Amino acid sequence: MHTVGVIGLGNIAAMYSTPDNAAPYCHVGGVRHSKHVRLDCVCDLSKEVTQKFRDRWGSSFPELHYAESVDAMLAARRPDIVAVCVRGPHHFAVTTQVLNHANPPRAIFLEKPPTCSLQEMDQLLALSKSKRIPIVVSYSRHWSPKVMRMKELIDQGLIGKVQRVVGYVHNTFLSFASHTTDQVCQFAGYCPTAVFARGVVPKAEVPPGFEPEPEMRSMVIEMANGVTAIQSGDGEYGGFYVDVFGDKGYARAGIYLPPYARDKEGKAIDLNALGFPPEISVFTVAYDQIARHLDGGPPPDCCDDQWAIVHEIGCAGIESVHTGNRITLPNRARTRKVFANG
Ligand SMILES: NC(=O)c1ccc[n+]([C@@H]2O[C@H](COP(=O)([O-])OP(=O)(O)OC[C@H]3O[C@@H](n4cnc5c(N)ncnc54)[C@H](O)[C@@H]3O)[C@@H](O)[C@H]2O)c1
């Protein structure tokens with residue numbers, strides 16, 4: 001059983017779900033349902049937020065250690081996995097602090113968006129490699145069991161060779177749309193070579209040193225494997241799903257949709273016969289993958305180079321909106337820093 005410490009006790013850490021949710025969409029709820037990890041310690045700078053957390057989750061975790069700061073938590077407990085659940089503009093500082101701590105964890109589970117600039121990403125990746133502490137980024141919808149099963153079936157040839165993947169979502173490139181950018185890569189491959197995007201730069205007030213975060217309207221991602229990858233605004237079924245077109249059929253996968261596939265002749269494929277798992281918390285699935293890795297298993301999904309590719313695409317999309325150009329990867333403009341406050 002690996003121990004988990006959570007930094008920041010807001011929405012995604014704890015407040016999007018309650019202890020009675022069967023498939024909670026939050027870190028502590030997902031950890032609670034896992035047989036491989038156990039919540040050991042938490043911290044938040046706000047006493048009010050900590051009290052709200054205690055009121056909701058306190059009785060579910062009676063042995064939990066509460067700390068008032070990152071340093072105090074790590075000095076007292078040294079959890080195996082640290083989840084960084086503060087807002088985007090604080091990710092770089094807090095994750096660096098965790099990596100450099102005298103009592104570091106063995107792995108970090110960092111909420112998206114991983115950083116506000118590519119320069120920060122490069123520094124974080126270099127530090128995590130030198131410390132040998134992997135970082136997994138929480139593109140959380142990736143771990144939906146039915147989405148993962150569909151990916152497995154497609155890899156086994158369900159719809160033939162994948163030729164085109166279209167992902168649907170609107171809104172900010174890094175704070176929001178990045179979930180679907182990851183999902184597009186999940187099905188099209190993590191092998192982008194260039195990005196062309198259209199979007200809008202809002203006239204928002206942002207702190208000094210930051211630019212407003214643009215919103216995506218559409219994005220074309222050129223892939224080295226020849227798959228055409230497209231991200232657009234909401235689709236027929238809303239957001240957070242992909243259409244996958246193969247040379248022998250079509251499939252649709254998303255966390256909020258029933259899985260669907262049809263063959264070359266347009267006939268629906270009986271997916272029930274192919275064994276789709278029940279939905280459980282995506283956070284349970286993610287933490288279990290991280291735990292397995294700590295026990296010597298393969299790297300978890302959305303780890304190191306994989307999340308870096310997704311972030312590289314999002315930042316190139318932003319660059320493309322500003323310049324009107326197609327951006328070849330790796331993007332040379334690495335210092336643009338957006339206020340990705342999701
Ligand atoms: N995966 C998802 O689907 C999903 C959904 C929502 C939010 N998120 C991401 O989760 C992150 C947090 O978003 P949120 O809506 O939960 O934020 P939030 O504002 O609800 O919570 C953040 C908490 O972090 C605390 N905090 C800030 N700095 C701290 C520090 N140095 N040490 C300890 N605590 C600190 C704040 O007091 C606050 O309570 C963001 O990056 C966001 O993009 C992900």
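Any read-out appearing in this document is the output of simple, stated calculations on the displayed coordinates, not a laboratory observation. Here the structure is a predicted model, which means the values were calculated and not measured. Reconstructed Cβ throughout: ideal geometry from the backbone, glycine too, with neighbour counts over all protein chains shown.
Can you compute the modelled spin-label distance between A93 and V206, with each label point 7 Å from Cα toward Cβ, in nm?
Label-label distance for A93 and V206, simple model: 1.7 nm.
How large is Rg over Rh for the range 186-342, taking Rg from the Cα atoms and Rh as the Kirkwood inverse mean of 1/r across Cα pairs?
Radius of gyration relative to Kirkwood radius: 1.01.
Which entries of K146/K264; K47/K131; K161/K264 have Cα-Cα distances beyond 20 Å here?
Too far apart for the 20 Å limit: K146/K264; K47/K131.
Could you tell me the center-to-center distance, by alpha carbons, between the range 260-313 and the range 124-184 in angstrom?
8
How about K203: which lysines have a C-alpha closer than 26 Å to its C-alpha, ignoring those fewer than 8 places off in the same chain?
Within the straight-line cut-off, K203 pairs with K112, K337.
Sort the range 69-213 into rounded, prolate or oblate with this rule: let a ≥ b ≥ c be the square roots of the eigenvalues of the Cα gyration tensor; rounded if a/c is under 1.5, and if a/c is not under 1.5, prolate when a/b is larger than b/c, oblate otherwise.
oblate
Read phi for every residue in the range 147-154 and hand back ³J(HN,Hα) as whole Hz from Karplus 6.51 cos²θ - 1.76 cosθ + 1.60, θ = phi - 60°, with x for Gly and Pro.
Result, ordered by residue: 5, 5, 5, 4, 4, 4, 5, 5 Hz.
Is there a quick way to get the dipole size of the range 1-144? I mean about its Cα centre, with the Cβ of Lys and Arg at +1 and of Asp and Glu at -1; what is the value in debye to the nearest 20?
Its charge dipole is roughly 340 debye.
Let me know the volume per residue of the alpha-carbon convex hull for the range 39-125, in Å³.
That works out to 91 Å³ per residue.
Quick check on the chain: of the DSSP beta bridges with both residues there, what percent are antiparallel, nearest 5%?
Roughly 55 percent of the beta bridges in the chain run antiparallel, per DSSP.
How would you classify the range 150-244 from its alpha-carbon gyration tensor, with a ≥ b ≥ c the square roots of the eigenvalues: rounded for a/c under 1.5, else prolate if a/b is greater than b/c, otherwise oblate?
Cα axes put the range 150-244 in the prolate bin.
Mind running the shape call on the chain? Use the C-alpha gyration tensor, a ≥ b ≥ c as the square roots of the eigenvalues: rounded below 1.5 for a/c, prolate if a/b tops b/c, oblate otherwise.
Oblate is the answer for the chain, as a/c is 1.5 or above yet b/c matches or exceeds a/b.
If the only charges are +1 at each Lys and Arg Cβ and -1 at each Asp and Glu Cβ, what is the size of the charge dipole of the chain around the Cα centre, to the nearest 20 debye?
Once rounded to the nearest 20, the dipole reads 220 debye.
Quick one: if the Förster radius is 56 Å, what FRET efficiency do R262 and E68 give, using the C-beta to C-beta distance and rounding to 0.05?
After rounding to 0.05, the efficiency reads 0.55.
A102 to S130: FRET efficiency via 1/(1 + (r/R0)^6), r the Cβ-Cβ distance, R0 25 Å, to the nearest 0.05?
0.95
For a label point 7 Å from the Cα of R217 along Cα→C-beta, name the residues of the range 185-207 whose backbone N is under 15 Å from it.
Within reach of a label on R217, which here means backbone N under 15 Å from a point 7 Å along Cα→Cβ, the range 185-207 contributes 196-203.
Charges on Cβ only, +1 for Lys and Arg, -1 for Asp and Glu, centred on the Cα centroid of the chain; of H311, C116, I7, which one is farthest towards the dipole's positive end?
Working it through, the farthest residue towards the positive pole turns out to be H311.
Nearest 20 debye, what's the magnitude of the dipole of the range 218-271 about its Cα centre given +1 on Lys and Arg Cβ and -1 on Asp and Glu Cβ?
Charge dipole, the range 218-271, about its Cα centre: 120 debye, nearest 20.
Mean-square fluctuation check for the chain, GNM, Cα pairs under 10 Å: which of V165, V242, V49 is largest?
Comparing V165, V242, V49 in the GNM, the peak value goes to V49.
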